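> First the structure, which I've put down as structure tokens, then a few questions once you've had a look.
The values are calculated or read from the model by the stated rules, or taken from the named source; none is laboratory data. Quick caveat: nothing in here was measured; it's all calculated off a predicted structure. As a convention, Cβ positions derive from the backbone with ideal geometry for all residues, glycine included, and neighbour counts pool all protein chains shown. Each accessible area value is taken on the protein alone, full model and side chains, heavy atoms only, with ligands, DNA and RNA left out. Shrake-Rupley method; radii C 1.70, N 1.55, O 1.52, S 1.80 Å.
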Amino acid sequence: MKVAVKILWRTFFVALALFILVILAADWGLLGKMPSIEELQNPSASLASQVYADDGTIMGKYYLEDRLNVDYKDISPYIVQALVSTEDERFYEHNGIDSRRLATSILALGTRGGASTITMQTAKNLFTNHWDTKNFLLRSIQKLKEAIIAVKLERNFTKDEIVALYLNTVAFSDNVFGVRNASKTFFQKEPDRVNVQEAAMLVGMVNAPSLYNPRRNPKLALDRRNLVINQMARNGKIKPEEADSIKRIPNDISMYRKLDETAGLAPYFRMELGEELKKWCRVHKKNDGSSYDLYRDGLRIYTTINPRMQLYAEEAVAKHMAYMQKILNGQDNIKNGSVWKNYKNVLESAIRQSERWHNGKREGMTTEDLRQTFNVKTHMKIFAWNNNRVTDTVMTPYDSVKYCRQMLQAGFMAMDPLSGEVKAWVGGIDFKTFKFDHVNINTKRQVGSTIKPLLYSLAIEKAGFTPNSMLVDEQQNFTGYGLVPATTTTCTGNSMPMSEALALSRNCATAYLMKQLGDGGKGAKRFVDFLKDCSIQSTIPEYPSIAIGSAEISLIEMMQAYSMFPGRGYTVKPLYITRIEDKDGNTLQSFVSQRKEVISDVTAYSVISMMEEVMKNGTGRRIWNYGVEGDIAGKTGTTNDNSDAWFIGYTPQLLCGAWTGCDDRFIRFNSTDIGQGSSLALPIWAYFYAKAAADKNLVLDTKSTFAKPDVIPGEFDQDWINTLPDHIDPEGQGGNSDGVDTIPKNLKPHDIAPESQFPQETVPTRPQQTIPSKSIPPAKAQPSAPLPKAVMPKKPGR
């Protein structure tokens, strides 16, 4: 017996020593990395970065785990009571490890619940890996590490701080992390405002977020919630009769709204902003020398986007594009499919880039079998012009590819021409379906006649021309380069003042002006150098044809170049970030306007005056059909075969640009009357400005005028207006610019809700709108009709 006792004691002490050694090994990091004292004192987890509009509205987030921190004082006591009652009844009594619960779990071999405390679960959420492993040895080591970290957390934090840490890091249903995001997602409430049943529903999720998801498993979620309520009553947090009454209340998730990459304000803008922010993060370092992480570090990004203007812009794009799409769909070559006759390769390429194709390849389907599936009619959801921007239908996947590629796209941007602050950004017609952005600097299209004001600026600034200078409207032969324009169809052979040539967008007169700047490629080189001074970064070939718009330039670049007109000779770089803060609110970088003088204020005002004539008496005079008023200057643009339609216009306070067209340039309107800039792009500008100017909150003064320079060489002669033709050739191509004979009379534009969706409590309100009857003011006259007020259509599901 003495020998047996000695062996027993030896075994015990050896086991105890080994256990202590294992604990020490774990603590010293020999069994895997352990957090340092600094990391324990400053715990962190992946935080979502938030994007704010200019009025503080949350526009969206960038995240791997959708989580935002909240202080203990901002958490409802019901949430804390529900959590402690359900997950760790003796939380306020133990030091991180509940010995009674641990002993019970060991004796029952884990059949009577786990031994993890709230503190241990916090340690798991913050500092350990492999917590979900099935490997018994790994899991045992992880449990030991969790216990050690839990004890250290108890030494460094109060119980209230540990509860807040846990609630900020725990996962809820629908991949939502942290109690603040969960409360905002499911109830549109801050976490300090939830009631008992809401608190119980939230706490019920943390045990098994997928299983107890109230959207997907409402019965299980309700049962789990009621179990939490029972636990609260059992622990004396609520009275039994109160618990019985609350359990009869159903779960209410009618306010559920999750903010993801598509939901939120200005999704196209946020996509481009994200790319810019990732570049910023790579070159900016934290105190520990590591780069910032957009998806983990909880940055706060403050932008210049105005929510009201953004919604108005999205409505304007939707209203006009839906209308024009109906007209395009009625075109013969679209209806019978002949538009694709010579472009089958485009469709095949689109098919092989589709999600359906990639899924089929992952499943091991052969190319032949997979291609056959595209000819089988299938139930599907496709984009449609309605408030939900989707419809259920039956069609072959092959036809759905054609359907999507035949959609007219658009890009629209509004900015302050003095500060450069971007107020609205619409990169396409529907971000969920069409991710390609048509505003950013990498998306370049032929600019057509919108390039002409820049050429005329160069001629005035550097070559001594004035708005009264006479141009000859004849085709020009450039030595070594040939004839510009390619045909004489629109050449009148007449002489005309430069102001008339711009207003009526005469290609031949513009080619004449280019030749005065230098024959051969000399004039083109001067113009390209000038465009670079205007901050246009696109590579532009030095060919004389760039005078009439053959160059491919992005919308955002054109906006910067045009800013020199209302900017009194200074271009301003579009500014869309005002500052970036870290998760604690410390400013990491502030951003200011970047202005550059390109032309004199006299030149700027001369061009403004000519561009006002474009709107009053030239290719842009249709704008007065849309209930706008005030000083407006602008220029339309249309490229060969109507592949691109442009309009860039400005007032003393606002500069806006619109581009429209199909991504495949061979899909276009056959009629220039319909496909030109004044028909396809200008109305977007007009719809937007009518609403923005009517909104008193935006303080846009329609009575403001363009600032005149102190010294003006003399007002230019406008006698040419007396001979203004009844019909104006669109962009120098011939035809009826008013398009009244070609627009179907049975089609009317209709309001469609904006694409942006964000929490209801942050949606700006807007007054009622009515559009006055259409009328074109006489030459030199301004419209006198009262400006209508604006209204936001009901959002889907409201």
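> Working carefully through the options Ala424, Ala459, Ala414, find the one that is touching a helix residue (DSSP H, G or I) at 6+ places or on another chain (Cβ under 8 Å), assigned to a helix (DSSP H, G or I) and aliphatic (A, V, I, L, M).
Matching residue, one of Ala424, Ala459, Ala414: Ala459.
> Identify the residue in segment 508-548 that is in a helix (DSSP H, G or I) and β-branched (Val, Ile, Thr) and, among all such residues, is surrounded by the fewest Cβ atoms within 10 Å (Cβ to Cβ).
The extreme case among them is Val528.
> All but one of (1) under 23 Å from Met309 (Cβ atoms); (2) out of contact with any Pro (no Cβ under 7 Å at 6 or more places or on another chain); (3) open to solvent by 30 Å² or more (accessible area, probe 1.4 Å) hold for Asn586; which doesn't?
Single failed check for Asn586: (1).
> Additional query: Checking the conditions here, which among Ala707, Ala692 is within 21 Å of the chain's Cα centre (by Cα) and either under 19 Å from Ser609 (Cα atoms) or of a type in the set (Gly, Ala, Ser) (or both)?
Answer to the check: Ala692.
> Can you find a residue that is within 26 Å of Ile460 (Cα to Cα) and in contact (Cβ under 8 Å) with a residue 60 or more places away in the chain anywhere in segment 685-694?
Among the residues of segment 685-694, not one is within 26 Å of Ile460 (Cα to Cα) and in contact (Cβ under 8 Å) with a residue 60 or more places away in the chain, which makes the answer no.
Residues checked against (1) open to solvent by 10 Å² or more (accessible area, probe 1.4 Å); (2) modelled with pLDDT of 70 or more:
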{"site": "Arg90", "(1), (2)": "yes, yes"}
{"site": "Met120", "(1), (2)": "yes, yes"}
{"site": "Ala123", "(1), (2)": "no, yes"}
{"site": "His130", "(1), (2)": "yes, no"}
{"site": "Ile149", "(1), (2)": "no, yes"}
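> Given Asn359, Asn345, Asn333, Asn388, which one is under 22 Å from Cys404 (Cβ atoms) and assigned to a loop (DSSP other than H, G, I, E, B)?
Only one candidate passes the filter, namely Asn388.
> Out of the residues in segment 324-355 that are of a type in the set (Ser, Thr, Tyr) and open to solvent by 30 Å² or more (accessible area, probe 1.4 Å), which is farthest from the chain's Cα centre (by Cα)?
Ser338
> Right, next: Could you tell me which residue of segment 28-56 is modelled with the highest pLDDT, considering only residues that are assigned to a loop (DSSP other than H, G, I, E, B) and open to solvent by less than 10 Å² (accessible area, probe 1.4 Å)?
Here the residue is Ala53.
> Something else about it: So which pairs qualify, if the first residue must be in segment 306-321 and without any contact (Cβ under 8 Å) to a residue 60 or more places away in the chain and at negative phi, the second must be assigned to a helix (DSSP H, G or I) and open to solvent by less than 10 Å² (accessible area, probe 1.4 Å), the Cβ gap must be under 8 Å, and the two must be at least 6 apart or on different chains?
Sorted first by the residue in segment 306-321, then by its partner, the list stays empty.
> Scanning for something open to solvent by 10 Å² or more (accessible area, probe 1.4 Å), of a type in the set (Lys, Arg) and not in a loop (DSSP other than H, G, I, E, B), does segment 655-668 turn up at least one residue?
No, because not a single residue in segment 655-668 is open to solvent by 10 Å² or more (accessible area, probe 1.4 Å), of a type in the set (Lys, Arg) and not in a loop (DSSP other than H, G, I, E, B).
> Give me a count of the residues in segment 275-301 that are surrounded by fewer than 19 Cβ atoms within 10 Å (Cβ to Cβ) and closer than 28 Å to Gln653 by Cα.
Residues flagged as surrounded by fewer than 19 Cβ atoms within 10 Å (Cβ to Cβ) and closer than 28 Å to Gln653 by Cα within segment 275-301 amount to 1.
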